[in-house]
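First up is the structure itself, then whatever we jot down about it.
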Amino acid sequence: MAMKVIPLWTLYGLARGKATTRWCGEDAEPGQAGYLGMPRFDQAKCQQGCRECVDTCLPGAITFCPDASKQRLTVDYGRCVVCQLCVEACPTGALTSSTDWAFGSRRREDLVWTRAAASTDGMTLKREIRRVFGRSLHIRHVDAGSCNGCESELQALNNPYYNLHRFGVFFTPSPRFADLLLVTGPVTYAMRGPLLEAYEAMPDPRFVMAAGTCAVSGGTNGGGYACDNGLEELLPVDVFLPGCPPNPPAIIHALLMLLQRSPQRVQGGQIGPADEHPEDDYA
Amino acid sequence: MTGAPLAVTMQDIAPAELSARCAAALGAGARMQFMYAWFPTGSDAPELRYVLHPGRGQTPHIWRCRSGAESPPSLAPAAPLLSWYERETTDLCGVAFRDQPVPDPLVLLPGAAAERPPLMPGPLPHLSYTPVPLPMPDLAGTTREDVQLLPFGPVRADVLESTQLAFYYIGEAILHYQPRLFFKHRGMEKRFEGLSPALGTVLAERVSGVGSVAHALAYCHALEAASRCEVPSRATWLRVLLAELERLYNHLHYLGYLCHTTTLKVGEAQGKYLEELAKQVNCQISGSRLLRGLVVPGGVRREPTLLTLAEDLVRIEHELRRYADQLAATSSHLDRLITTGVLDRQLAFDQGATGPVERASGIDRDSRRDQPYGAYDELPLSVAVRDGCDAHARQQVRVEEITHSIALIRAVLDGLPEGSLRADCRPPPGGEGLGWAETPRGTAYYAVHLDTAGRLARVKIKSPSFSNWRVFPYTVHGTNMMDYAINEASFGLTVAGCDR
């Protein structure tokens, strides 16, 4: 019996067939049916004198705008933990649930809602990344104080469904072999040192991704006596990916965006149609 | 039947009586659960709380102890599982315990310093950290030169949570093992203070992400106990459904990861694939792959989408059955599990093991049955127990729990009562409550105190991983390096829950 088992596993694996989604950054179904992502904000419906959403937003993603003549509210998706409480609190439907998850962006400002979509200046790509890395990427992940929700989704990247390897993207044990430092958590006082050491150990050119709302801004867990408010003041961040946690396709999209294999989807805090840069080849 | 929580009893105890009362309670078959300190509003004098469970079917009991100027005695010599709680209380609340067997800081890891205990009333302290090399113990004997120290972490290989592990070993043999936890200490308990009780749920879901539902449940149970609110029965049934879906995806992840450590590649892929299916089911039901955002004080927030759940369960169960049978018949996998990481029953009891870990060491305890909450006493709940005490038993318990969870979810779908989803839950100013829930990793408790304005004044989180991390090193000493990863995976620990 025992001797027969390993070939049985092989047969079993073969019989299971291909489990991987056809989704590869664009179109097709990424398996996220029902997902509630970043709430959409419609300024036209926002009611004067109301503060329901501001009071219900624990991480302070929705605040009153200091210059009220332009817009009443500032909605910063870099702080949003997708709890949907604002959607329930809003009496006028100015905030509505959406399935938007592709919130990876190169500029922190692109995560803040603005009336007119921002210029595409910030989307000018780092030309050298394609030249240096080709289409491949090696990632060193550092948990700087997450709740383990982000790790749960990062671990999912290597399951047969998402199969991150097919994109030529790999996790590597040593920062010495890493191109990208992928950080989760708001950065605790004790992880600050090890995090900076991991970054220092990486060869140039190196990139940093703040994955999850905690790493982007501190989220609900940052601050206090033991935490920083994310990476922004600690390391030069190349890709911001809010989400609590970001789902696996959002992480894959952000990684492909870094590699210039997929366009940035969010601008001015709004998911637009894929922004085509005619000069770029995302294939 | 309603979702009213069990009434918890409380008693004042003088510091001088603590040791005798503890010995008497243990003698009568009780088990200490946890202890904590808090500063009642406007007071600089800490008040200690000890929570014990007298036995199956009985409600937890609380001892309240106002120690005043005198140091309270350590209860760790009689109830060793309290040792970490006492040391944490010393670090965070500044209460020293007389005759504490290990009077070292715990939450403040070596090299960390706080200007003042962070949970004391007053301004937030600044915390600093300078790494301290791991000590090499004084050793005698001819082989002392051969003893090596391997410090591993806090940044470990693969996508893992941060913690540092120290191995003292000769060749393959581990002489001594010491995890250095709390690199991820985020001060979560302090983050609750000053929040409105409803918003605290969002935070409770973010203490340990893979235990979002159970942490939110334990927190909400505490608020519901404080406000004596009766949760509508439809909500209690839906909460069972969510909690069991959480157990399902966690245990599937566990099996995949365990196969990773025994290098059973197809088994790993299949376990992780089943976990992915379960998470996609979660997403369809709740909008969140971690099932966040549905549990609220007083009930559940909205109707989950259950249309395809019954079908999806059939699919998962069908695949699971074959997978589990094959795991149970693979000798290369079993050889690595059987006799690995032995945790005997007495040790598990004394040191506070909880959840599947204690149940695999022959302790028949599950808070869903023994301290029933919500709708569990109306549903066909079975408790998986094994007495193998090793990694294999821990796997068996989880496999069986998956089938129990699926049965529970089916029972909820079949008998889900109609009715409202949410009752008004407003804990009174100055109130307090104790709540618990069985997470996939064991029992979580939340103790909640409110201030005179009805805001959160103190929230104590007793997480199952804090308990199981304390137990785990006892199973490593004297074993070998080759088995370590398998043993750690078989415990299914989280660091975020432990460090908070």
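Below is a table of values for the structure above.
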{"item": "Set A:12, A:35: member being within 14 Å of another protein chain (Cβ to nearest Cβ), of a type in the set (Phe, Trp, Tyr) and in contact (Cβ under 8 Å) with a residue 12 or more places away in the chain", "result": "A:35"}
{"item": "Boolean, residue B:81 is at pLDDT below 95, crowded, with 20+ Cβ neighbours inside 10 Å, more than 14 Å from chain A (Cβ to nearest Cβ) and not in a loop (DSSP other than H, G, I, E, B)", "result": "yes"}
{"item": "Candidates B:281, B:296, B:300 - the one that is closer than 22 Å to residue A:244 by Cα, within 11 Å of chain A (Cβ to nearest Cβ) and touching a strand residue (DSSP E or B) at 6+ places or on another chain (Cβ under 9 Å)", "result": "B:296"}
{"item": "Total residues in the stretch B:206-224, condition over 13 Å from the mean Cα position of the chain (by Cα) and either at the interface with chain A (Cβ under 8 Å from one of its Cβ atoms) or surrounded by fewer than 24 Cβ atoms within 10 Å (Cβ to Cβ) (or both)", "result": "1"}
{"item": "Residue match in the stretch B:85-96 (condition: within 17 Å of residue B:19 (Cβ to Cβ), part of a loop (DSSP other than H, G, I, E, B) and more than 14 Å from chain A (Cβ to nearest Cβ))", "result": "yes"}
{"item": "Selected residue (criterion: nearest to the other protein chains (Cβ to nearest Cβ)) from residues of the stretch B:99-139 that are over 30 Å from residue B:459 (Cβ atoms) and surrounded by 15 or more Cβ atoms within 10 Å (Cβ to Cβ)", "result": "B:131"}
{"item": "Qualifying residue in the stretch B:42-56 (condition: of a type in the set (S, T, N, Q) and surrounded by 14 or more Cβ atoms within 10 Å (Cβ to Cβ))", "result": "no"}
{"item": "Residue in the stretch B:286-305 that is surrounded by 24 or more Cβ atoms within 10 Å (Cβ to Cβ), outside any helix (DSSP H, G or I), of a type in the set (A, V, I, L, M) and touching a Lys or Arg at 6+ places or on another chain (Cβ under 6 Å) present", "result": "yes"}
{"item": "Of all residues in the stretch B:309-319 being surrounded by 14 or more Cβ atoms within 10 Å (Cβ to Cβ) and within 13 Å of chain A (Cβ to nearest Cβ), the one that is farthest from residue A:13 (Cα to Cα)", "result": "B:309"}
{"item": "Some residue of the stretch A:220-228 being within 28 Å of residue B:111 (Cβ to Cβ), outside any loop (DSSP other than H, G, I, E, B) and in contact (Cβ under 8 Å) with a residue 60 or more places away in the chain", "result": "yes"}
{"item": "Residues (among the hydroxyl-bearing types (Ser, Thr, Tyr) and modelled with pLDDT of 95 or more) located in the stretch B:406-442", "result": "B:439"}
{"item": "Condition met for residue B:250 (in contact with a Pro (Cβ under 7 Å, 6 or more places away or on another chain) and either of a type outside the set (Ser, Thr, Tyr) or in a helix (DSSP H, G or I) (or both))", "result": "yes"}
{"item": "Scan of the stretch B:140-178 for residues that are of a type in the set (Phe, Trp, Tyr) and either at the interface with chain A (Cβ under 9 Å from one of its Cβ atoms) or within 13 Å of residue B:485 (Cβ to Cβ) (or both), ordered by number", "result": "B:152, B:167, B:177"}
{"item": "Breaking point among (1) buried (at least 19 other Cβ atoms within 10 Å of the Cβ); (2) away from every other protein chain (no Cβ under 13 Å); (3) out of contact with any Asp or Glu (no Cβ under 7 Å at 6 or more places or on another chain), for residue B:228", "result": "(1)"}
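The values are calculated or read from the model by the stated rules, or taken from the named source; none is laboratory data. The structure displayed is predicted, hence computed values, not measured ones. Please note: Cβ atoms are built from the backbone with ideal geometry, for glycine as well, and neighbour counts cover all protein chains shown.
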